[in-house]
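A.B. asks: Pasting in a structure now, in structure tokens, and then I'll have a few things to ask.
The values are calculated or read from the model by the stated rules, or taken from the named source; none is laboratory data. Every value quoted in this text rests on a predicted model; they were computed, and no experiment measured them. Every residue, glycine among them, receives a Cβ derived from its backbone with ideal geometry; neighbour counts consider all protein chains shown. Areas reflect the complete protein model, heavy atoms only, side chains present, ligands, DNA and RNA absent. Shrake-Rupley method; radii C 1.70, N 1.55, O 1.52, S 1.80 Å.
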Amino acid sequence: MRKYFKLIALAITLSCSSQMNAQVDENIYKGIEFNMPRVKETSFKNYSVQITQFGAKAGGVFKNTEAINKAITETSNKGGGTVVIPRGIWLTGPIELKSNINLHLADGALLIFSKDFKDYPLVKTSFEGLNTIRTVSPISARNVENIAITGNGTIDGNGDAWRYVKKGKLTDSQWKNLVASGGVLSEDKKIWFPSESSKLGYKLSSNFNVPDKITEAEYEQVHDFLRPVMVSIVSSDRVLLDGPTFQNSPAWNIHPLMSSNIIIRNLNVRNPWYSQNGDGLDLESCKNVLIYNNTFDVGDDAICIKSGKDKDGRDRAMPTENVIIKNNTVYHAHGGFVIGSEMSSGVRNIHVSGATFIGTDIGLRFKTTRGRGGIIENIYISDVDMINIPAQAIGFNMFYEGNSPIIEDDQNADDEKRTEKAIPVTEETPQMRNIFFKNINVTSSHEALYISGLNEMNIKNIKIENSTFDTKKALSIVDADGVELKNVKFNYSDGTGATIYNSKNIDLNSVQFETTNDKSIVNVTGDKTSKVKLPKSVDKKRVNISKSVQKNAVQ
């Protein structure tokens with residue numbers, strides 16, 4: 001019998017070793033438009049332990065926090081290796097990864113985190129780009145190197161215990177069941193909270209989910225509102241996430257922050273569609289990163305690139321840069337691939353290709369607002385397919401104030417209404433420039449392209465080529481400088497094909513517009529509009545140029 005168990009342990013060790021030492025396919029680096037450093041990969045000793053050796057018990061009742069953390073610490077102290085979560089249901093509180101540890105979830109393993117809020121003490125951290133206080137994450141790593149989470153098992157953050165839920169996101173029967181389960185309601189009965197502490201935190205927050213109406217000493221009274229990201233990796237180097245399903249997080253699912261040499265591949269990342277801030281992956285102020293062969297189905301943005309918010313972000317001065325994102329599929333999400341809105345340290349040198357978005361609210365989403373500062377630049381996106389996109393396939397919004405792409409019951413579209421007034425350009429002025437798209441194919445969707453820049457800081461140098469959009473609405477270009485659409489086709493049904501306002505250096509010369517409606521194909525307006533090239537194939541009778549446009553501004 002002892003020999004039998006040794007053979008099983010050997011098989012697990014060999015399986016773990018094979019996965020954790022799998023080299024990155026060199027094809028991942030092909031076709032990259034910028035000088036991309038090779039990502040330094042993880043490597044672990046051929047040493048393996050199982051958490052049962054440290055007293056862990058399966059079944060989902062016994063809390064294994066001490067056993068798992070002891071297995072990690074002792075293995076790290078011996079020079080590292082693999083800590084195996086065997087098949088079974090394993091309940092635990094927060095666990096902390098140490099250097100040279102591969103946490104491996106065997107086939108059929110379910111690691112589920114406790115919903116006892118007392119298990120999660122308050123810690124200083126960063127959330128939504130601000131320096132703040134939250135509860136400790138279910139899985140955390142800080143100032144470590146050479147770590148991995150691998151295997152085909154599942155990690156569940158028990159997020160439903162933490163999240164507040166809006167009534168408008170549930171069916172009547174789901175809402176009744178949720179209310180009957182306990183918790184408390186907001187005064188207008190439209191939001192459910194798991195506790196009074198959670199409700200109080202919501203009331204004391206004017207800045208999204210970071211309470212700003214209380215002092216640091218008072219944070220404990222809103223403890224339950226301070227729901228953590230599920231996987232927090234901070235100031236670490238050489239990180240591998242390969243294989244598991246990450247699901248049901250209290251807030252964001254996976255959050256690498258101020259880290260480098262990161263590989264994220266072969267993951268299944270899931271959150272309920274109603275989950276507040278239920279992002280899939282938020283890569284913040286990181287460099288030298290590979291993200292490929294993953295699937296996302298989440299409650300907020302799927303793959304989101306960030307770098308801090310406002311002054312906290314600018315003071316950090318750590319852009320997200322040198323990132324390759326290939327061959328990912330996104331189902332439900334607010335955005336498939338997203339940059340912002342917390343981008344105050346800057347975002348640059350990003351390659352995205354081979355993506356498929358199926359029913360994602362917005363496909364490719366770029367969002368920021370006055371006060372952020374920071375520069376988004378040198379973004380290259382190609383070979384993306386989208387279907388059933390209910391908002392924009394490609395959307396640029398420099399007036400973002402937190403609204404979902406599909407406006408929810410407690411939101412107002414006027415909050416993000418463009419303002420004509422220009423304000424002085426300062427370090428708080430965000431910039432978007434040098435963003436390139438090719439081979440974008442969109443079908444059965446609402447709107448193809450929406451660009452909304454700032455009066456004082458236009459969105460600059462946007463190029464789209466060899467792309468087809470089969471949508472209800474075509475495109476709007478507002479406060480932009482240098483937009484070129486080359487060999488692009490819009491097959492649309494509603495409204496004006498192209499609306500151009502206060503923009504310059506707009507080249508639509510090779511664009512095809514196909515529609516069955518009889519409205520204007522192009523509408524050009526705004527006294528700042530200049531150097532606009534229209535398609536030669538467009539009937540001049542269907543081009544509307546307002547009196548405010550200067551003479552010879554349109555060709």
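A.B. asks: Check the straight Cα-Cα distances from residue 57 and name the lysines below 24 Å, setting aside those fewer than 8 residues away within the same chain.
C.D. replies: List returned: 3, 6, 70, 78, 98, 115, 118.
A.B. asks: Can you tell me the orientation of helix 65-77 relative to the chain, as the angle in degrees between its alpha-carbon axis and the longest Cα principal axis, to the nearest 10?
C.D. replies: Between the helix axis and the principal axis of the chain, the angle is about 90 degrees.
A.B. asks: Taking the Cα centre as origin and putting +1 on Lys and Arg beta-carbons and -1 on Asp and Glu beta-carbons, what dipole magnitude results for the stretch 84-151, to the nearest 20 debye? Please list the in-between numbers first.
C.D. replies: Working: 7 positive and 6 negative charges, 28 e Å.
Computed about the Cα centre, the dipole is about 140 debye.
A.B. asks: Also: Might you report the magnitude of the Cβ-based charge dipole of the chain about its Cα centre, with Lys and Arg at +1 and Asp and Glu at -1, to the nearest 20 debye?
C.D. replies: On the way: 66 positive and 63 negative charges, 171 e Å.
Dipole about the Cα centre, nearest 20: 820 debye.
A.B. asks: A further question follows. Hey, what did the chain get for relative contact order, percent, Cα under 8 Å, at least 6 apart? Mind showing how you got there, number by number?
C.D. replies: Working: 1641 pairs, mean separation 41.1, N = 555.
Taking the mean separation of contacting Cα pairs over the length of the chain, I get 7 percent.
A.B. asks: Can you give the accessible area of residue 460, probe radius 1.4 Å, in Å² rounded to 10?
C.D. replies: Ignoring ligands and nucleic acids, residue 460 comes out at about 80 Å².
A.B. asks: Spelling out what I want: for every residue of the stretch 110-122, take phi, set θ = phi - 60°, compute 6.51 cos²θ - 1.76 cosθ + 1.60 (Karplus), and round to whole Hz; glycine and proline get x.
C.D. replies: Per-residue couplings from phi come out as 10, 9, 10, 8, 4, 9, 7, 4, 5, 6, 10, x, 6 Hz.
A.B. asks: Protein chains only, probe 1.4 Å: how do 142, 227, 433 rank by accessible area, largest first?
C.D. replies: Numbers: 142 110, 227 5, 433 75 Å².
Listed by decreasing accessible area, they come as 142, 433, 227.
A.B. asks: Put +1 on the Cβ of each Lys and Arg and -1 on the Cβ of each Asp and Glu in the stretch 447-555; which of 450, 546, 502 then has its Cα farthest toward the positive end of the dipole?
C.D. replies: Most positive-ward Cα: 546.
A.B. asks: Here's a follow-up. Which residues among the stretch 136-167 fall inside the zone where the amide N is under 18 Å from a point 7 Å beyond the Cα of residue 181, along Cα→Cβ?
C.D. replies: 156-167
A.B. asks: Same structure, new question: For the chain, what is the accessible area per residue in Å² when the probe is 1.4 Å?
C.D. replies: Values: 22320 Å² over 555 residues.
Heavy-atom accessible area per residue stands at 40 Å².
A.B. asks: Name the residue farthest towards the positive end of the dipole of the chain from the options 235, 356, 277, assuming +1 on Cβ of Lys and Arg, -1 on Cβ of Asp and Glu, about the Cα centre.
C.D. replies: 356
A.B. asks: Okay, next question. From the phi of every residue in the stretch 512-518, what ³J(HN,Hα) in whole Hz does the Karplus formula 6.51 cos²θ - 1.76 cosθ + 1.60 yield, where θ is phi - 60° and glycine or proline is x?
C.D. replies: 10, 10, 10, 7, 9, 7, 10
A.B. asks: Taking all protein chains in place and a 1.4 Å probe, what share, in percent, of the accessible surface of the chain do carbon and sulfur account for? Please report the intermediate quantities before stating the final value.
C.D. replies: Numbers: 10490 of 22320 Å².
Roughly 47 percent, rounded to a whole number.
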